[in-house]
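Everything on this sheet refers to the single structure shown next.
The values are calculated or read from the model by the stated rules, or taken from the named source; none is laboratory data. As the structure is a computational prediction, the values presented were derived from the model and not from experiment. Note that each Cβ is placed from the backbone with ideal geometry, even for glycine, and that neighbours are counted across all protein chains shown. Heads up: the accessible areas ignore ligands, DNA and RNA and are worked out on the full protein's heavy atoms, side chains in. Shrake-Rupley method; radii C 1.70, N 1.55, O 1.52, S 1.80 Å.
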Amino acid sequence: MKNISLLGSTGSIGTQTLQVVRDNKDIQVVALAAGTRIDKLAKQIREFKPQLACVATKEGADELKLLVSDMNIKIVYGSQGLIEAATINSADMVVTAVVGMMGIVPTIEAIKAHKDIALANKETLVTAGHIIMKLAREKGVSIYPVDSEHSAIFQCLHGENKKELDKILLTASGGPFRGKNVEFLKHVKLEDALKHPNWAMGKKITIDSSTMVNKGLEVIEAQWLFGVSFDKIQVVVQPQSVIHSMVQFVDGSVMAQMGSPDMRLPIQYALYYPNRRTLDVKPLNFYELGQITFEKPDIETFKGLAYAYKAAKKGGNIPTVFNAANEYAVRCFLNEKITFVQIYDMIEYAINTISFIDNPNVEQILETEQAVYELLNNF
């Protein structure tokens, strides 16, 4: 029996992780952490009976206590509560599925507590990869990627000599606006951007996919996860979303990981690595599929990817600037305060304005995030 702590249990990745747990019956959930979906968390507590649960606020904690008052469970809240959930003694692994930079400190503390990490929070490595990967090596902790693309790369490299890796081919669906031009993007509505052609995801990551910022974040994350330079990571648009990523070796060989677009596959692989379990996902039918096509990404139209490479090249705290500016801009777009293309404008403005810090510590990373928010408040 493996014990896990799940941070972000009521979100898209969190609920699918619990479905994997439900289907396999040999994982015990010892801690659950969520934000404001108190009713949903209460139902999860009743089903999975964790020792501890965390919510965002004291008010939420008080509400949750009333809903599960008949159960023997500790209720905590806020950033300290999230750290408590991440470091609970009984957990073997922490699944980090929270959205945004709030995942950094709990992940660091979990690693210090010698917990393996199933990483679904890409912002952690985008902003603090230089800290996280070094610490994981020092503590002998494994980091298992949950993003479908990084899981695919991880699977392709399993058993291979990483020194023989030539480049990573990171695939992208192209999002709902693939093939459209800048003029089209000027008139995009929120409901259009939330319609991903292949994947069922949360709102924030769905918008990130439509801008291709998500793919840019994945480029930065991949360089830390796999120890390669950003210029060794090539993005390839693969609209059918059946090749989740590929690796090319020095002899020209290419290995790809393929499968139906279902997030339970990389989640389950991370939870049970190095073993595979049966999964009730529809297998690929190559006769029905017919063909797999590839395209070069349009970085002139979808500037998010170009800005990510720029941020990766500058290094230091600039990937944090890129990520924080995008978080702020997407929040504004989801609240219908800005247009779709203004997401790019905000990111560019922040990258060009915020002061550079080389090799930032956690405090400087979080200060950079706040500086970006303050800057964009006056955009």
For this session: Look at region 274-317 and say how many of its residues are polar (S, T, N, Q), within 30 Å of VAL21 (Cα to Cα) and open to solvent by 100 Å² or more (accessible area, probe 1.4 Å).
Result: 1
Exercise. When you look at SER90, is it small (Gly, Ala, Ser), modelled with pLDDT of 95 or more, open to solvent by 50 Å² or more (accessible area, probe 1.4 Å) and out of contact with any Gly (no Cβ under 7 Å at 6 or more places or on another chain), yes or no?
Worked result: no
Exercise. Any idea which of LYS180, LYS195 is open to solvent by 10 Å² or more (accessible area, probe 1.4 Å) and modelled with pLDDT of 90 or more?
Worked result: LYS180
Exercise. Would a scan of region 156-171 turn up a residue that is out of contact with any Gly (no Cβ under 7 Å at 6 or more places or on another chain), crowded, with 22+ Cβ neighbours inside 10 Å, hydrophobic (A, V, I, L, M, F, W, C) and within 30 Å of ILE4 (Cα to Cα)?
Worked result: yes
For this session: State which residue is surrounded by the most Cβ atoms within 10 Å (Cβ to Cβ) when the search covers only region 1-30 and only residues that are of a type outside the set (Asp, Glu) and in a loop (DSSP other than H, G, I, E, B).
Result: SER9
Exercise. For region 340-362, how many residues meet the condition of being under 12 Å from THR320 (Cα atoms) and either surrounded by 16 or more Cβ atoms within 10 Å (Cβ to Cβ) or free of Cβ contacts under 8 Å to residues at least 40 places away in the same chain (or both)?
Worked result: 7
For this session: For region 235-249, indicate whether the set of residues that are at pLDDT 95 or above and closer than 25 Å to ALA329 by Cβ is non-empty.
Result: yes
Exercise. Any residue in region 211-218 that is among the basic types (Lys, Arg), crowded, with 23+ Cβ neighbours inside 10 Å and over 27 Å from ILE4 (Cβ atoms)?
Worked result: yes
Exercise. At pLDDT 95 or above and touching a Leu at 6+ places or on another chain (Cβ under 6 Å) - does that describe any residue in region 100-112?
Worked result: yes
Seminar exercise, completed: Inside region 31-58, the number of residues satisfying the requirement of being open to solvent by less than 10 Å² (accessible area, probe 1.4 Å) and within 26 Å of SER148 (Cβ to Cβ) is 4
Exercise. Just a yes or no: is a residue in region 272-294 closer than 22 Å to ASN121 by Cβ and in contact with a strand residue (DSSP E or B) (Cβ under 6 Å, 6 or more places away or on another chain)?
Worked result: yes
Exercise. Can you list the helices (runs of 4 or more DSSP H) found entirely within region 40-149 that contain at least 1 residues being within 23 Å of the chain's Cα centre (by Cα) and free of Cβ contacts under 8 Å to residues at least 60 places away in the same chain?
Worked result: 78-86, 104-112, 122-139
